[in-house]
Amino acid sequence: MSNLILFWHRRDLRISDNTGLAAARQQSPKVVGVFCLDPNLLERDDVAPVRVTYMIGCLQKLQERYAQVGSELLILHANPVQAIPALAAALGAKAVFWNWDVEPYSQERDRTVINALSENGIQFLDQNWDQILHSPEEIRTGSNGPYTVYTPFWKNWISKPKANPVETLQNTEGLTAKEQEIAKQAGAIALPSAKDLGFIWDGELILSPGEAAAQDRLEEFTTRAITEYQEQRNFPAVDGTSQLSAALKFGVIGIRNVWQATIEVLENSRSDEATANIRTWQQELAWREFYQHAMYNFPELADGAYRQTFKNFPWETNEEHFQAWCEGKTGYPIVDAAMRQMNEIGWMHNRCRMIVASFLTKDLLINPQLGEKYFMQHLIDGDLSANNGGWQWSASSGMDPKPVRIFNPASQSQKFDPEAEYIRQWIPELRSVDTEYLVTGKIPPLERHAVGYPDPIVDHKIQQQQFKQRYQQQKAFSSAE
Ligand code: FAD
Ligand code: FO1
C-alpha cells in the first residue's frame, strides 16, 4: 500500500483553511484531491444552472491551485459510493479523507462509502467538521439537547472559543504517470463544462469562482460595508451585504478565515456603533450554523413543516398564481422586482427573500415547499439548510416561536426601498412611474395598463384575513388531536 491519501472534496472547494485537507497533509507527503460529479445530486429537479456554473468554475480554479502545490484534483462522474472506494482501491491509497456535512443525503452517502472503504482496509477520517465553526455536538442546551430557538443558540455559540484558520496546503506530491493511467482506468476524466452537463447559464456570476475571488470579496466587504451593515443590509438597492453566500455554500472560503477577518475588524473598530455592526454580521454567520445544526438534528425539516399546525395546512392549488409569483408578475412591485432579480442574476437580497416568501405563503396561500424548490432551482447560493430555514421561518411553519409573521409588501417597500430604486432597477416598464405609486403598489389602472404591468393578482388585506382564519382553524384541529 502506498502513502497516498485521497482528499474527497464536496462543499469545500479550496485548499486554504481546509481542516480535512490539512489533516491529510499532516499524515502524508502525498495528497491528491478528488471531486465526484454525482448524478444523484446533478439529476435532481431543483438544481440551478447558475449554481452548477459557479461550482464548475470553482473546480477549475481548484485544479489550478492543486497544480501550484505540486499535485492534482481528479474528477469522477459516477455514483460516489462506488466510484470513490473503487478509485482508492485501484490506486492502493492508504486513506480517503473528507469533511463532514449536515445534509441527510450526505450522511447516508458517507456512511456507505465508509463501509466500502473499511471492507477494503482503507482508512478514513471520520466526523471532521470544516464548514462550521462549531459542530452540532458542541452547541447543546443545558439538558444536552439541540437548540430549537436562535437567541439562546447564539448566546452559547458566541461564548465558545473559535478555532484559528488551519494551515493551507503548501506542497504535496502528485500521482506518478503510471498512477495517472490507473486513475483514468478507474474513471478519472477531464473536467466537463456546466454546459456539457446540461446546465446553461449565460449571465454573469455575482461572485467570480475560486478562492482568490472569495478572499478578495471578504477583504473588500470587511474594509468597507461591514461597519455599516446593521442599517445598510436592509436596503435592497444598496450594496450593503457581502454576497459571499455562494462561496460559503460551496466552501470556497474557509469559515475560520472569515471569522478571523471579523475579529480583526472588531479589534480595529473605533466606535461602539461600528462594533455593533460587525457583531450583527457575525450573527448572520451564526444563523447559518443554527440552520445547519437544525438540519443535522432534525433531518425531517427537509421534508416539510416542523410545526404540527402546518403539517396538513389547506394550501391553495393555484397554478396561475404560482406562475405569476415565479415570473415576477403578481402586480406587487416589490415582490416582482425581487423575483426578477433572482431570475436574472441567480441571487436575491435577504430582505426580499423574506418579502416574497411571506407573499407566496400568506398572500397566495401557496405551500412554502413550492417556493423553497423554486429558490433552489434559481439561486447561486441555494443551500438546503439555509433555504429550508428561511422558508420555514417565513411560513411560520418552523421552529421559530413567533407563530404568524405577515409582511405587508407596501410597508416593506416604503421602509426599505423608499425611492423605489430597487423596483425600477428590476422592473424596467415601471421606470417612469411615480415613486409614491411604486412603493405603495397603488399604480392607477390606466397607467398600469399603458406600461403593460399586471393588476395585483390578489388583495393583500383580504388574503391575510384568509390566512389567519385558516391558521386559527388548523391550530384548533392540531391542539384537539
Ligand atoms: P450577508 O448579509 O453578507 O451574510 C453573510 C453570510 O451569512 C451569508 O453569505 C450567509 O452564508 C449567512 N447568512 C446570512 N443570513 C442568513 C440567514 N438568514 N440564514 C442562513 N444564513 C445566513 N442563504 C443561503 O446561503 N442559501 C439559501 O438557499 C438561502 N435561502 C433563503 C431563503 C429564504 C426564504 C430566506 C428568507 C433566506 C435565505 N437565505 C439563504 C439567507 C440569506 O438570505 C442569504 O444568506 C443572504 O441573502 C446572502 O447574501 P450575502 O452573502 O450578501 O449575506
Ligand atoms: N457535491 C458533490 O460531491 N458532487 C456533485 O456533483 C455536487 C453537485 C452539486 C450541485 C448543486 C449543489 O447545490 C451542490 C452540489 N454538490 C455536489 C455539493 C453538495 O452540497 C454536497 O455534496 C453535500 O454533501 C450533499 O449532501
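Bear in mind these aren't lab numbers, they're just calculated from the coordinates by the rules spelled out. None of these values were measured; they are calculated from a predicted model. Methodologically, a virtual Cβ is constructed for each residue, glycine included, from the backbone with ideal geometry; neighbour enumeration extends over all protein chains shown.
General observations
- With q set to 0.15 Å⁻¹, the log10 of I(q)/I(0) for segment 215-261, from the Debye formula over equal scatterers at the Cα positions, is -0.38.
- Relative to the 2.2 N^0.38 Å rule of thumb, segment 373-424 has a C-alpha radius of gyration ratio of 1.41.
- Per-residue Cβ neighbour rank within 10 angstrom, fewest leading, 315, 281: 315, 281
- When restricted to Cα atoms, segment 83-161 yields an Rg and a Dmax of 16.6, 49 Å, respectively.
- Ordered by the count of other Cβ atoms within 10 Å of each Cβ, fewest first, 373, 184 give 184, 373.
- Extension gain, residue 275 to residue 155, is 41.5 nm, computed as 0.36 nm per intervening residue step minus the present C-alpha separation.
- At 0.692 mPa s and 37 °C, Stokes D of the chain from Kirkwood alpha-carbon radius, µm² per second: 137 µm²/s
- Those lysines that a straight Cα-Cα span of less than 25 Å connects to residue 468, excepting residues fewer than 8 apart in one chain: 311, 329, 362, 373, 402, 415, 442
- Exposure proxy shown here: for 295, 339, the number of other Cβ atoms within 10 Å sets the order, fewest to most, as 295, 339.
- Cα-projected label distance for residue 243 with residue 137, points at 7 Å along beta-carbon direction, nm: 3.9 nm
- Kirkwood Rh and Cα Rg combined as Rg over Rh, evaluated for segment 342-440: 0.99
- The relative contact order of the chain comes to 18 percent, based on Cα pairs under 8 Å that sit 6 or more residues apart.
- When you count the other C-beta atoms within 10 angstrom of each residue and take the mean per peptide, 117-125, 381-389, 394-402 line up highest first as 381-389, 394-402, 117-125.
- Diffusion constant of segment 149-226 at 10 °C, which comes from Stokes-Einstein with the Kirkwood Cα-pair radius and 1.306 mPa s, µm²/s: 87 µm²/s
- Here segment 1-130 was treated as a single set of alpha-carbon atoms; its pair distances binned every 5 Å from 0 give 2, 10, 21, 25, 23, 13, 5, 1, 0 percent.
- Note: segment 265-422, Cα convex hull, 140 Å³ per residue.
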